[in-house]
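One structure is given here, and the rest of the page talks about it.
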């Protein structure tokens with residue numbers, strides 16, 4: 001009987017449930033699981049609050065936690081911080097405009 005390896009199964013058998021689930025989703029989305037969550041969170045927060053400052057502050061917290069974690073993709077880290085830079089530019093523009 002042949003046993004096939006399933007993504008995340010080894011981590012699950014070691015008792016690392018979070019790492020197992022993360023590996024499953026990250027593998028299925030080609031390493032873009034966290035950036036997709038980030039952009040979804042940013043869009044939903046802006047739609048609900050219409051406050052770009054709140055989006056920037058919460059996005060900065062999210063991106064800094066992501067950058068200091070072991071689940072890091074170097075390209076996605078740059079994209080997250082570029083998005084936050086654009087949001088900061090929008091905030092500064094709104095301050096200067098008023």
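The numbers here are math on the coordinates, done by the rules we state, and not lab data. These numbers come from a predicted model, not from an experiment. Note: ideal-geometry Cβ built from the backbone for every residue, glycine included; neighbour counts use all protein chains shown.
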Exposure proxy check on 46, 66: fewest-to-most Cβ neighbours within 10 Å is 46, 66
What length, rounded to one decimal in nm, is gained on full extension from residue 93 through to residue 40, with 0.36 nm per residue of separation minus their alpha-carbon distance?
-> 16.7 nm
The chain: calculated mean residue ellipticity at 222 nm from DSSP helix runs of at least 4, using -39500 (n - 2.57) | -24500 deg cm²/dmol
With the contact rule set at Cα under 8 Å and sequence spacing of 6 or more, what percent relative contact order holds for the chain?
-> 21 percent
